[in-house]
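The numbers here are math on the coordinates, done by the rules we state, and not lab data. If you're wondering where the values come from, they're calculated on a predicted model, not measured in any experiment. Note: ideal-geometry Cβ built from the backbone for every residue, glycine included; neighbour counts use all protein chains shown.
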Amino acid sequence: MAYYRHAFTGQLEIWRNQESIEVLLEDDTLSPTLREKLNYAVNARDFAFERLALPDNGSYRDFVDLKRDFVVWNVFATPELSLTPLDWCYPFAGCFGYRGFFDEDRAMRRAEALGKEGFEVYVGGVSAYSTLGWLDDPVLSSILNREKPRIAEIIFHELAHQRLYVKDDTTFNESFAMTVATAGLRLWIPIQTGNLAEIAEGQQRERDFIKLILRFRGKLETLYSSDESDDKKRTTKRSIYTELIAEYRLLKGTWNGDSSYDEWMWTDLNNAKIASISTYHDHANAFLSILERYEYDFTAFYNAVENLAALQPVERTACLNALSKGMDVKRACSMVVGLAQP
């Protein structure tokens, strides 16, 4: 109950501090930087509705100045020899592979307690979250603190959660939303001004980094599911993480001095961190293959994914895993009505 009181208080603070973006933009005293970013967010929201077929509702029409860097801090926790994150369950929304806190100190205390219980933990600050359409989500100052392309990407991601949400399947939901956001950004960038080549380079670095992490996630999963003794697993685990760091150094050497991922890599690298990446990207390639089959017709894509979501969890995951390995959509998911033929 203490957690839910804390969560309600955090959400109530956001409600109380919402200001209409339309009204703010009419204020001559508004700072030029904030005006520019609010206009950018408004345009991204309109693009999400018009081109990405995402919900056109009251979301992202108000602004909240949080006066802090992040809106929530998510706590991920995994056992020492597993990449399966702990689930936390909530009324109506179901279970998630992380626990969100509006207060950073509270999140750190929870992580510390889990660490004492033997779990590996990771606390990550989050710029936005979705209320899944139950409420109108505002543009937060933590969103506007990001670079312009990321502002659009976050709005696309959170609106995707409103478009489709599967109870008790965090990886499905986050990978789906990540796919919509990434694909939407590819369509959005060409119609914007700015250094498009630099943005494309950043996206490629992100893809390379995620690919590296997921490859080593596979090595760890193979180890943890093996018949080796726990002591042997611990020794091999340390070797795998050492190899991951070495390969990251090599990859970083191709990035012309970019160090965006250094802090993440050099600070407490563990299973919980790897699991946090997997949660958002595990099925992204699978969803992208479906979207490409429908030639970026987002309405048709959503209909197909809704059919996929209606499957039992085991069937749903099997289909996505097959697609992630490069199998043809028709062969991998022919059991899903609407996927067999575009």
## Note on the structure
Per the rule of 0.36 nm per residue minus the C-alpha distance, extending TRP88 to ASN39 adds in nm 14.0 nm
### Message
Please compute the modelled spin-label separation between ASP231 and GLU206, points set 7 Å along Cα→Cβ, answer in nm with one decimal.
### Response
4.5 nm
### Message
If amide hydrogens are placed 1.01 Å from N in the peptide plane, which non-local residues have theirs closer than 5 Å to the one on TYR98?
### Response
TRP88
### Query
What order, most packed first, do the peptides 23-29, 85-91, 286-292 have when packing is the mean number of other Cβ atoms within 10 Å of each residue?
286-292, 85-91, 23-29
### Query
Say each of ASP136 and TRP255 gets a label point 7 Å from the Cα, pointing the same way as Cα to Cβ; how far apart are those two points in nm?
3.9 nm
### Query
Of the listed peptides 127-134, 275-282, 309-316, 173-180, what is their order by residue-averaged count of other C-beta atoms within 10 Å, with the highest listed first?
173-180, 275-282, 127-134, 309-316
### Task
Can you grab the distance from the C-alpha centre of segment 241-295 to the C-alpha centre of segment 11-27, Å, no decimals?
35 Å
### Message
Which order do the peptides 182-188, 112-118, 154-160, 231-237 come out in when sorted by mean C-beta neighbours inside 10 angstrom, highest first?
### Response
154-160, 182-188, 231-237, 112-118
### Query
If you stretched the chain out fully between ILE240 and ALA53, how much longer would it get, using 0.36 nm times the residue separation minus the C-alpha to C-alpha distance?
63.1 nm
### Task
Please label the shape of segment 52-108 as rounded, prolate or oblate, based on the square roots a ≥ b ≥ c of the eigenvalues of the alpha-carbon gyration tensor (a/c under 1.5 means rounded; beyond that, a/b larger than b/c means prolate, else oblate).
oblate
### Query
If you take the square roots of the eigenvalues of the alpha-carbon gyration tensor of the chain and sort them as a ≥ b ≥ c, do you get rounded (a/c under 1.5), prolate (a/b over b/c) or oblate?
rounded
#### Entry: segment 139-173 residues near the modelled LEU30 label - backbone nitrogen below 20 Å, point 7 Å along Cα→Cβ
139-156
## Note on the structure
ASP105 and GLU80 label points (each 7 Å along its Cα→Cβ direction) are spaced in nm at 3.2 nm
